[in-house]
Amino acid sequence: MSERHLRRMSLFTQSGDLKPRRPASFRSQAYNCLAQVVIYESWVVTMGLESGYYTIQNGNDAVGRRRIEDLSMRPKAVINQAPSGLESPWVVEAVSDDRYILRTRGARVTSEGDKLVALIFNTSQADEWQLVPVNGMNRTYRVVAPNGAAWVVREPGKECQVEVLSSVPAGGSNEFTFTPVSDD
């Protein structure tokens, strides 16, 4: 958690527990409930992913680059396909509280037009992504670009390039599960 969020939580907690501290001027039950909501809301919002290696899935389909690509230095497509087709984990690097750099097979990903691509060359142009938790789903996020558009798979269950769109088309999906890769 960031120092700012820890300071915010310390206003409401004592010694790291989740019991709210009530100032002397506020003795009502309403304040007690409000303090608990602020703590739990802050906890959910700030508990993003740690930097590390992850697999990314859309439903049962793995997301990543093709196993066989052309040898040019042009950006490579990031696709949605069957789990057996992808082997390389993603590198997720936390940049700030809610911003991440995402890499697949060593290349940072960005949007090019409305398509998601991995940059082989000139990676300084790559986006920092925001991971917005999906309510009620563990480690599942909407991946949002700085302009507000999000990753979308138009045809879940089929091999297709992941797109970066401002809305989800009918039948499409914009929920991605990040699963940590074990050190085994």
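The table for this structure:
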{"item": "Segments 147-156, 113-122 sorted - mean Cβ within 10 Å per residue, highest first", "result": "147-156, 113-122"}
{"item": "Counted charge near residue 176, where neighbours are those whose Cβ lies closer than 11 Å (Asp, Glu -1; Lys, Arg +1)", "result": "0"}
{"item": "79, 101, 68 arranged by Cβ crowding within 10 Å, fewest neighbours leading", "result": "68, 101, 79"}
{"item": "Cut-off 13 Å between beta-carbons: net charge of the residues surrounding residue 80, Lys and Arg +1, Asp and Glu -1", "result": "0"}
{"item": "Cα gyration tensor, region 52-180 - rounded (a/c under 1.5), prolate or oblate", "result": "rounded"}
{"item": "Global form of region 143-184, assessed from the alpha-carbon gyration tensor, a/c cut-off 1.5", "result": "oblate"}
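Each value in this text was obtained by applying a stated rule to the coordinates, not by laboratory testing. None of the values given here were measured: they were computed from a predicted structure. Here the Cβ is made from the backbone with ideal geometry for all residues, glycine too, and neighbour counts use every protein chain on show.
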